[in-house]
Every structure is written in structure tokens, then in C-alpha cells.
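**Student:** The structure under discussion is supplied below as C-alpha cells; questions concerning it will follow.
The values are calculated or read from the model by the stated rules, or taken from the named source; none is laboratory data. Small disclaimer: the values here were computed from a predicted structure and weren't measured. Every residue, glycine as well, gets a Cβ built from its backbone with ideal geometry; the counts of neighbours run over all protein chains shown.
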Amino acid sequence: MAILVTGGAGYIGSHMVLALCDAGEEVVVLDDLSTGVRANVDPRARFMLGDVSDPLIVMRLIAEHGIRAVVHFAAKIVVPDSVADPLDYYLANTAKTRALLAAVTAAHVPHFVFSSTAAVYGDVSQEPVSEATPAVPVSPYGASKLMSEWMLRDSAQAYGLKYVALRYFNVAGADPLGRTGQSTPRATHLIKVACEAATGKRAGMQVFGTDYPTRDGTCIRDYIHVSDLVSAHLDALNYLKNGGANAVMNCGYGAGYSVLDVVETVKRVSGVDFPVTLAPARAGDPASIVASASKIRDTLGWRPKYDNLETIVRHALAWERKLPANSAAA
Ligand code: UDP
């Protein structure tokens, strides 16, 4: 009985594959390598190049490997790109998840763990954000993921699928043992960009938006270490195996840091004072979003191990230093 990891060559997926292999699970990866890196897939896992919306591939993998659970990471994740080309995001994230769910439910795979996002909440006025906060996404990216949550809810009702949807806050850092990390070229995520600046792969970086209604005018986010995020998925799989009810849960620490806090931490940890320029706000960025993290702790018994911005930055920097010098623009 194996576990199918879609997007297993990607940033979070490759950490999930390592964790599952370390736990002795049989793992099958399905990835189209549009942004993923084949070399980051643990050799203990089976790798299949392909599209999650291709029913022939998915049905074959399910039958051949006796898939008992799907962990679905494959997606597009850049908020401003989703604003520029929404239909591309509704195809990649919503339509392809619909196709995957059709195959998974037809083949009676019992369990599904879904990568959702805090972007489903949109511009929240109350902090921290609990799962009971109405989901009103302000970007096509958030909307594309919320529609997938609805498909899961309705598929659970209609076909008996059991699922957990995890709403990720801002994922960062790298495997503490340095086996994988964020490798996507032309990265847009803050900690990755700052680490590229600290390692000289970029001449400097920009801070997008300095007049938000926050303590220093820059956006506030809840940064979570990728290994803690992955352990939440392991907990979710065990929870479903033990008969846990369908659930949607935030995945964050409940602590907010501003863009300037992050930049200062990367400069301090790296010892490099890279150039930073102040720039206009990006489209679709909410001012502040911090998780209420009690539901996942109570429901899954999740206990993070790297709940510290400096540790996240240290691991992200260590990985960045291992990547080739031209990795940022490759
Ligand atoms: N950000 C920034 N400079 C960058 C990348 C990001 O100022 O080069 C800001 C971005 O505007 C947002 C925060 O950092 O306020 C987190 O952005 P990121 O893209 O990492 O994650 P998001 O919250 O958009 O998913």
C-alpha cells in the first residue's frame, strides 16, 4: 500500500517524500517537472513524469501500487501571476484537481491530504485568523484553492472520500539535514529572495509596499518551517488512518513577522548587508495574515520543532549556499 505524492519534485513535495521514505512508507511521485527538480526526489520513491489531470496515468499508478492515500501538492503558487493570468491558475489548480479527484474517487482511494493556503482568507481584519473566519480570497490563486476545498467537501459528502485540507501560511526554510530545499529558479517568495540576495545571486532585493496599516508599514506574515509543515501532513495521514473526520486546518505558528523583520534576520544570520530598495505594493497582497494555530494542535496533536524565524532562515541560507551560483535565474 503506497502513498501518491503529486508535485513530489517541488519544494514542499520533495520534503514530504523524504519524510515518508524516512518513515518507511512506499512512495510514488507524480510530477510534470514544470517547476520541480528531479534530483530533489528521494531515490527511495518511485518517480512518474506526468500530469495529475491525466486519468490514465493516475488510474494506472493507483492500481499498480495499491495507493491508499494521495497527498496533492502539484499546483501553481505565485499570487501576482494568478492576478495576471487567472485562467491559467484555474486550469492548473482547480480544473486539474477536479480531474485528479475524479480518478481518485472512481478508484476508491480512501484518503486525500490537500495543500490549501491562507490566501483563501483574503484581506482579513481580525487576527489571528481561525478556520471559522469567512474565506473571501482577494487573488485568483486563493480562489483557485478554495474551489478545490469545496470540491473535496462535496466529494466527501457524495463519494465518502476522507480528507484533510491544510491551509498553509508562509512556508520557508529547508531540510535541516540539507537534503532538499527551495530550488525553483526566478523565485518570488520573500525568504528565498532574501537568501539569494545574501548569497550574491541577486544584486539586491525590493520590499513591496511600505504604507500598509501595520507596525512598520510592511506586510506581516506567519512563516512556518517546511519540515514542520511536512510533519503536519504525516499527522494528517495518521489521523485519517485512525478514522479522523474530514477537516480543514490552518498550518502556521500563530506569530507574525513583517517584511522588514525578515530582511533584518537574513542580514543578521548571513552577516551580509545586501542592498534593499523600497518599492510599490504588489497586486493581491493582503496587509497581514497570521494563523490561529490551535485547531491543528488539538485535532492532529501536531507539535512543531522549528518554530523560530532565525532557524528557518539558517536552514534556508544553508540550502541556498549549496545551490549553484546561477540557480536564481537559471
Ligand atoms: N515580498 C517583498 N519582496 C520580495 C518578495 C516578497 O517585499 O522580493 C513581500 C510580499 O509583498 C509579501 C511578503 O513579502 O508582503 C510575503 O510574500 P511571499 O511572496 O513570500 O508570500 P505570499 O504571502 O505572497 O504568499
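**Student:** What do you reckon, is Ala135 of a type outside the set (Val, Ile, Thr) and either surrounded by fewer than 18 Cβ atoms within 10 Å (Cβ to Cβ) or touching a strand residue (DSSP E or B) at 6+ places or on another chain (Cβ under 8 Å) (or both)?
**Tutor:** no
**Student:** Another question about this same structure. Applying the selection to region 54-74, what residues are surrounded by fewer than 20 Cβ atoms within 10 Å (Cβ to Cβ) and not charged (D, E, K, R)?
**Tutor:** Within region 54-74, Pro55, Leu56, Ile57, Met59, Ala63, His65, Gly66 qualify.
**Student:** Then there is this: In region 2-102, which strands (runs of 3 or more DSSP E) lie fully inside it and hold 2 or more residues that are modelled with pLDDT of 95 or more and of a type in the set (D, E, K, R)?
**Tutor:** Correct list: 26-31.
**Student:** Go through region 220-238 and report how many residues are over 18 Å from Val313 (Cα atoms) and out of contact with any Cys (no Cβ under 7 Å at 6 or more places or on another chain).
**Tutor:** First pass over region 220-238, keeping only residues over 18 Å from Val313 (Cα atoms): 231-238.
Next cut, out of contact with any Cys (no Cβ under 7 Å at 6 or more places or on another chain) only: 231, 233-238.
Matching residues across region 220-238 total 7.
**Student:** Name the residue that is nearest to Ala69 (Cα to Cα), counting only residues in region 1-27 that are touching a His at 6+ places or on another chain (Cβ under 7 Å) and surrounded by 24 or more Cβ atoms within 10 Å (Cβ to Cβ).
**Tutor:** Checked region 1-27; the qualifying residue nearest to Ala69 (Cα to Cα) is Thr6.
**Student:** Okay, moving on. Mind checking whether some residue in region 147-156 is within 15 Å of the ligand (Cβ to nearest atom), free of Cβ contacts under 8 Å to residues at least 24 places away in the same chain and not in a loop (DSSP other than H, G, I, E, B)?
**Tutor:** Looking for residues that are within 15 Å of the ligand (Cβ to nearest atom), free of Cβ contacts under 8 Å to residues at least 24 places away in the same chain and not in a loop (DSSP other than H, G, I, E, B), one finds none in region 147-156, hence no.
**Student:** Among the candidates Val226, Val207, Val230, Val262, which residue alone is within 11 Å of the ligand (Cβ to nearest atom), hydrophobic (A, V, I, L, M, F, W, C) and under 19 Å from the mean Cα position of the chain (by Cα)?
**Tutor:** When all the criteria are applied, what remains is Val262.
**Student:** Among the candidates Gly284, Gly254, Gly244, single out the residue that is surrounded by 15 or more Cβ atoms within 10 Å (Cβ to Cβ), near the ligand (Cβ under 10 Å from one of its atoms) and in contact (Cβ under 8 Å) with a residue 12 or more places away in the chain.
**Tutor:** Unique residue meeting the criteria: Gly284.
**Student:** Still on this structure: Please work out which residue is nearest to the ligand (Cβ to nearest atom), limiting yourself to region 105-123 and to residues that are among the aliphatic types (A, V, I, L, M) and over 20 Å from the mean Cα position of the chain (by Cα).
**Tutor:** Once the filter is applied, the top-ranked residue is Val109.
**Student:** A follow-up question, please. Touching a Gly at 6+ places or on another chain (Cβ under 6 Å), of a type in the set (S, T, N, Q), assigned to a loop (DSSP other than H, G, I, E, B) and in contact (Cβ under 8 Å) with a residue 60 or more places away in the chain - does that describe any residue in region 207-223?
**Tutor:** yes
**Student:** Does at least one position in region 157-170 carry a residue that is over 19 Å from Leu20 (Cα atoms), assigned to a loop (DSSP other than H, G, I, E, B), of a type outside the set (Ser, Thr, Tyr) and modelled with pLDDT under 95?
**Tutor:** No; the residues of region 157-170 include none that is over 19 Å from Leu20 (Cα atoms), assigned to a loop (DSSP other than H, G, I, E, B), of a type outside the set (Ser, Thr, Tyr) and modelled with pLDDT under 95.
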